[in-house]
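These notes are about the structure you will find just below.
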Amino acid sequence: QDAIRVAQLLALKQAGLVNAARQHLVALSRFPEARGHNFPAYHSFFVGMRNVYKDYTDFGMVETNGDLVASSYERRSSTNLGGHTFFQRVLQSRDFSIGTYEPGEQGTAPSLTFGYPVFDDHKRLVRVLYASLELAALNQAAQTDELPQGDVVGVLDSCGVILARRPGGTNWIGKKIFDTQAFSTMKT
């Protein structure tokens with residue numbers, strides 16, 4: 001019963017982080033600029049978002065072909081995010097999506113990326129917005145003094161990659177639990 005209570009408490013904390021990401025993206029999708037072409041202005045806006053929301057490593061906007069058109073970081077060459085899980089899930093569901101573990105690039109910390117569709121006035125999908133939550137925020141949400149001695153709590157993505165864990169948080173991030181003996185034992 002103690003384990004279930006702790007798991008429910010931690011699940012509520014994690015859900016709060018997911019809901020906050022959804023709210024940020026829904027709000028961004030309502031700006032007319034999300035359908036416009038003033039990408040330098042959006043880049044500046046995303047930089048400001050990242051400075052205000054410190055738990056996020058990046059915010060950005062992607063065309064339906066996967067081409068990145070604006071983000072919190074200036075990129076020297078064109079970038080295509082078409083293969084990323086969050087993007088593919090938005091294209092399939094036409095709704096908010098949760099991606100999978102992102103190891104970090106350009107000096108950014110590991111993250112979990114959320115996506116949200118942008119529609120035009122005719123309800124056609126025209127872009128995808130994203131927000132990348134730093135995994136340190138998930139790890140912080142996994143911390144609790146109520147965890148019974150010897151117990152372990154972990155948050156996994158849909159591929160079985162550890163996003164947060166207690167104890168040992170940062171030492172476990174990015175490791176695949178589906179490939180371990182511990183996971184095989186849990187399944188049986």
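The values are calculated or read from the model by the stated rules, or taken from the named source; none is laboratory data. Source: prediction; values computed, not measured. Please note: Cβ atoms are built from the backbone with ideal geometry, for glycine as well, and neighbour counts cover all protein chains shown. Ligands, DNA and RNA are excluded from the accessible area calculation, which covers all protein heavy atoms including side chains. Shrake-Rupley method; radii C 1.70, N 1.55, O 1.52, S 1.80 Å.
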*Packing-based ranking, highest mean first, of 113-120, 2-9, 57-64, 25-32 given that Cβ atoms within 10 Å are counted*: 57-64, 113-120, 25-32, 2-9
*Within the set of other residues whose C-beta is less than 11 Å from the C-beta of THR57, count the net charge using Lys and Arg as +1 and Asp and Glu as -1.*
-3
_Rounded tilt (10° steps) of 39-52 against the dominant C-alpha axis of the chain_ = 30 degrees
*asked:* I'd like the projected area of the chain, averaged over all directions, using the convex hull of its alpha carbons. Report it in nm² with one decimal.
replied: 12.1 nm²
*Theoretical gain in end-to-end length, ASP121 to ASN171 [0.36 nm per residue, Cα-Cα removed]*: 13.3 nm
_Amide H of THR57 versus every other amide H placed in the peptide plane: which residues, excluding those fewer than 5 positions away on the same chain, fall under 5 Å?_
SER132, LEU133, GLU134
*In whole percent, how big is the carbon plus sulfur part of the accessible area of segment 10-144, probe 1.4 Å, protein atoms only?*
51 percent
*For the chain, calculated [θ]222 nm from helices alone, where every DSSP H run of n ≥ 4 adds -39500 (n - 2.57)*: -11500 deg cm²/dmol
*Square roots of five times the Cα gyration tensor eigenvalues for segment 35-113, Å*: 18, 16, 13
